[in-house]
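Reading through the structure tokens given below for one structure.
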Amino acid sequence: MVKIETKLPKEKKGNNRKHKKNKARLTVWLVIAILLVFGMAFGYWLFRTVMSPNVATPDGKEAVIYIHTGSNYDDVQAALAEADILISPKSFDWVAKKKAYPDNIRPGRYLIINGLSNNQLVNMLRGGLQTPVKVTFNNIRDVNQLAGRIATQIEADSASLSNLLHNQQYINQLGFNDNTIPALFLPDTYEFYWNTDAECFVNRMFQEYNKFWNEERKQQAQSKGLTPIQVSILASIVNKETNMSDEMPRVAGVYLNRLKNNWLLQADPTLIFAWNDYTIKRVLDRHKEIDSPYNTYQYPGLPPGPICIPSIASVKAVLNAEDHHYFFFCAKEDFSGYHNFAKTLGEHNRNAAKYQQALNQRGIR
């Protein structure tokens, strides 16, 4: 039997191998092209998710969110949802988790501007980059009222503030007692982080107190025979006697004259404080009968503590009190808020009679 062997031409075998190589190359390039397309699509999605604006505040204005101390990631998401500022909450959630924000929650008050990206927002929240708040207080009667006022402006509640300011051990360490603690506070506007707690607030006020009472002011107080706390006590009386800052140094001078000459202060505002009745508009003889160390008609010298938290203007008025010879003053009968000053009792009685007549005409009893 004869075996016949068929052979392809060498040229045709070469073309076949070349075709297979070209096909393999084409497949590789196709795969690469597909991967590039997917890579570009993913990159575009990633860029939009991380870097594109995802915050749209109402009317394009700034929004504020509060993250309370002890909050978790769910609480943060709830706060953002309530503010309704995220265009895509899901994309924020993805970025937040990728950047480990759920494990790094920082409490605070955050000012959110329109057009922030997820990356910017997460960096702000994770970094605790909150905007300070301006805390203002003035015209405060006592530390309980102060606690209520401050609690509306920072995270610390009124109970924690009030309890701390009545903690004898704590306030004694600061150099005050239950009567003198109002002297610690200097009404003004201060910057705080919103999540400030009670102790941090009081410690900051103690720093401000020490900053205010520098050596120069201490020397001023000493030259008048007063300590810084006594200056605040007298300033609180001056504060309640007049709202006119330009008149405060003269009123302060009257009380200093009485102290120097061992007179009773006889300050009507101290009686109102002693009675704890701030509806009293006209102090009568019966009000002078109360047995209280704050009754300056009965007890000599300064009362045991401020009758309000005095303004900085009234404290400075005591330190810079006028040097004069007035011992009396009485509200002007024109109800302008200013006073008539007198050196003698007779002159004072005439001024008082004019004011009492004006009160009677207005039906103020």
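Below is a table of values for the structure above.
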quantity	calculated
Test: residue in segment 266-275 that is among the aliphatic types (A, V, I, L, M) and closer than 23 Å to Asn320 by Cβ	yes
Single residue of segment 279-321 satisfying the filter (outside any loop (DSSP other than H, G, I, E, B) and more than 20 Å from Ala252 (Cα to Cα)) that is modelled with the lowest pLDDT	Asp285
Residue within segment 319-337 that is within 14 Å of Glu247 (Cα to Cα), crowded, with 18+ Cβ neighbours inside 10 Å, touching a residue at least 12 places away in the same chain (Cβ under 8 Å) and under 32 Å from the mean Cα position of the chain (by Cα) present	yes
Some residue of segment 230-246 being among the acidic types (Asp, Glu) and more than 25 Å from Leu174 (Cβ to Cβ)	yes
Filter pass, Gly148 being small (Gly, Ala, Ser) and outside any helix (DSSP H, G or I)	no
Top-ranked residue of segment 121-173 - restricted to ones that are among the small types (Gly, Ala, Ser) and farther than 13 Å from Asn195 by Cα, ranked as surrounded by the most Cβ atoms within 10 Å (Cβ to Cβ)	Ala147
Residues (free of Cβ contacts under 8 Å to residues at least 40 places away in the same chain, within 22 Å of Tyr193 (Cα to Cα) and either surrounded by 13 or more Cβ atoms within 10 Å (Cβ to Cβ) or among the aliphatic types (A, V, I, L, M) (or both)) located in segment 65-94	Ser71, Tyr73, Asp75, Gln77, Ala78, Ala79, Leu80, Ala83
Total residues in segment 322-341, condition hydrophobic (A, V, I, L, M, F, W, C) and in a loop (DSSP other than H, G, I, E, B)	2
Residue in segment 45-52 that is surrounded by 10 or more Cβ atoms within 10 Å (Cβ to Cβ), at pLDDT below 95 and outside any helix (DSSP H, G or I) present	yes
Complete set of residues in segment 95-111 that are among the β-branched types (Val, Ile, Thr) and under 26 Å from Phe192 (Cα atoms)	Ile105
Filter result for Thr136 (within 21 Å of Asn239 (Cα to Cα), under 10 Å from the mean Cα position of the chain (by Cα) and at pLDDT 95 or above)	yes
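For (1) under 30 Å from Ala331 (Cβ atoms); (2) in a helix (DSSP H, G or I); (3) hydroxyl-bearing (Ser, Thr, Tyr), each residue gets a yes or a no:
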residue	(1), (2), (3)
Tyr170	no, yes, yes
Asn210	no, yes, no
Glu216	no, yes, no
Pro249	yes, yes, no
Asn257	yes, yes, no
Gln266	yes, no, no
Leu271	yes, yes, no
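The values are calculated or read from the model by the stated rules, or taken from the named source; none is laboratory data. As the structure is a computational prediction, the values presented were derived from the model and not from experiment. Heads up, the Cβs are rebuilt from the backbone with ideal geometry, glycines too, and the neighbour counts pull from every protein chain shown.
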